[in-house]
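Q: Pasting a structure below so you can have a look.
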């Protein structure tokens, strides 16, 4: 498969168009798993029958795909652990309008893509919005102690 046909195959991945929409659609900035599989299928479909892809090349690409999948799963697990570790801690987060909010992290909520968001004062915030983290205030009094 030539580089030019491979480049043209990748340039169309992740792009969608709607003839009724007057705004242009920006191409995806990163390749995901489905793009990788589409590229692999395109490469296999357009290979030269007199010089097919070697088995080792195919296995290497499948290993890369597996590595990509495992890396994404590991990253998601780390994000979830980081979010859960913040429960009960005081944080300062930057809001969408650039102001700051502070409070105790009361929980973790997953967004539609499965990314964990911390919940502060009833509002979900991305982990990237966290500006500072401090230990939650401890209650050193004798409240609640029964004798």
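The values are calculated or read from the model by the stated rules, or taken from the named source; none is laboratory data. Note that this is a predicted model, so its numbers are computed, not measured. Positions of Cβ are generated from backbone atoms using ideal geometry, with glycine treated the same way; all protein chains shown enter the neighbour counts.
Q: Among the residues in region 122-132, are any modelled with pLDDT of 90 or more, outside any loop (DSSP other than H, G, I, E, B) and more than 21 Å from the chain's Cα centre (by Cα)?
A: yes
Q: Another one. Residue check: is residue 71 surrounded by fewer than 13 Cβ atoms within 10 Å (Cβ to Cβ), modelled with pLDDT under 95 and within 15 Å of the chain's Cα centre (by Cα)?
A: Considered against the rule, which asks whether it is surrounded by fewer than 13 Cβ atoms within 10 Å (Cβ to Cβ), modelled with pLDDT under 95 and within 15 Å of the chain's Cα centre (by Cα), residue 71 comes out as yes.
Q: Let me ask something else about it. Quick check: is even one residue across region 54-77 out of contact with any helix residue (DSSP H, G or I) (no Cβ under 6 Å at 6 or more places or on another chain), in contact (Cβ under 8 Å) with a residue 40 or more places away in the chain and either in a loop (DSSP other than H, G, I, E, B) or on the phi > 0 side of the Ramachandran plot (or both)?
A: Looking through region 54-77, none of the residues is out of contact with any helix residue (DSSP H, G or I) (no Cβ under 6 Å at 6 or more places or on another chain), in contact (Cβ under 8 Å) with a residue 40 or more places away in the chain and either in a loop (DSSP other than H, G, I, E, B) or on the phi > 0 side of the Ramachandran plot (or both).
Q: On to the next question. Of the conditions (1) touching a helix residue (DSSP H, G or I) at 6+ places or on another chain (Cβ under 9 Å); (2) over 30 Å from residue 37 (Cα atoms), residue 122 fails just one. Which one is it?
A: So residue 122 meets the others, but not (1).
Q: For region 88-95, indicate whether the set of residues that are in contact (Cβ under 8 Å) with a residue 12 or more places away in the chain, exposed (fewer than 14 other Cβ atoms within 10 Å of the Cβ) and within 30 Å of residue 35 (Cβ to Cβ) is non-empty.
A: The answer is no; no qualifying residue exists.
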